[in-house]
Structure formats: C-alpha cells, structure tokens
Amino acid sequence: MEEFMQYYEKVYPQLYRTALFYLQNQQEAEDAVQDAVLAAYEKFHQLRDKEKFAPWIMQILVNRCRRRMKSWFRKEKGIEDISPSQEMELSKAPDFAMASAVRQVFGELKEEERVIVALSVFGGYTGEEIAGILGKNHSTIRSKYRRALQKMRKKLEV
C-alpha cells in the first residue's frame, strides 16, 4: 500500500488534469480518477517495472474516460456543460472567453486526438511516452498531435 501511494502521489495532478480536460466535467473527472486508481491498486502487484507506473496508470485512466463517454452516448446524452458554480468562478477570470473557446474546440476534436493532446499538454507526456501508452507508432502520434493542434488553431482564429 505504501509503495503504491508513493507512486500515486507523484502522478495524481496529471491524472486529474487529464481526466478533467478529457471529460470536461469536474465530478466525472474525479470519479474516473477514482475508478482508475482503484483498478491500478488492485493490479499493482502485476506491474513488473514500477518505473513505468505513470504511463501504466494513465492508460487505465484513458480507458476509464473512454468507457464513461461511451455510456453517455448510449444514453443519448451529450457531455454536460459547465456547472453554474464553475461558470461563476470562471467568469471572474479575465480569460474566461478564451478558456471557454479552447474547451469547446478541444471537445470538438476526435476522441483519439483529445487523448493525445490531453496526455501531452495536461499530462506532460512526450510523444514517445504517449505512443507507448496508446500502443501506436511514435511518428503517428507526433503527426496526429500536430494535426489536432492545427485544427484547434484554425477554429480559434475564426
């Protein structure tokens, strides 16, 4: 338990940020992180290389986020908007309009693009680490990342 907690404490902020920007809902992000941590804790003894804890748990989190989003669409519900309390808090920030626009454009990306951007920007992972997490070629990840950022840039300029 103590060993798991040492690794977990190092990656929690990245996990939460990634889930929040992926799901765009504070409560859903907290639940997804909690689910991922519980699953990781139960399987921690199976992890051979403890130095790969961060990408391993991030992959678990990404899978949990995907499952949550699939269940939303099965229920024919879209991603919920920002709650009124979050909106009040954000409206006090000088860059509320830009933050809101970035969230909207981020949400319009394809699922895989959102994952790649979230892992890179919010999780702080390199292209090679993301390739390992997603089981894809590094050059593919790099290309998709650039294309996703270009899409976002174009939509924000309009």
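Each reported figure results from applying straightforward, stated rules to the coordinates on display, with no laboratory input. Fair warning: this is a prediction, and the values are worked out from it, not measured in the lab. When we count neighbours, we look across all protein chains shown, and the Cβ atoms used for this are built from the backbone with ideal geometry, even at glycine.
What does the charge count near residue 151 come to, summing +1 for each Lys or Arg and -1 for each Asp or Glu among other residues with Cβ under 14 Å from its Cβ?
+3
With label points built 7 Å along Cα→Cβ from the Cα atoms of residue 42 and residue 138, find their separation and express it in nm.
It works out to 3.5 nm between the two label points.
Go through the stretch 1-65 and name the GluC sites (Glu not before Pro) that are in a DSSP coil and have 11 or fewer other Cβ atoms within 10 Å of their Cβ. Present the calculation step by step, with values, prior to reporting the outcome.
Values: sites: 2, 3, 9, 28, 30, 42, 51; in loops: none.
Answer in residue order: no site qualifies.
Just to be sure I understand the model, the point goes 7 Å from the Cα along the line to the Cβ. What's the resulting residue 154 to residue 49 distance in nm?
3.7 nm
Quick check on my link table: of 50/154; 43/151; 70/154; 10/43; 43/136, which ones sit more than 30 Å apart, alpha carbon to alpha carbon? Display every interim value, and only then the final one.
On the way: 50/154 41 Å; 43/151 38 Å; 70/154 28 Å; 10/43 18 Å; 43/136 23 Å.
Going by Cα-Cα distance, 50/154; 43/151 fall outside the 30 Å limit.
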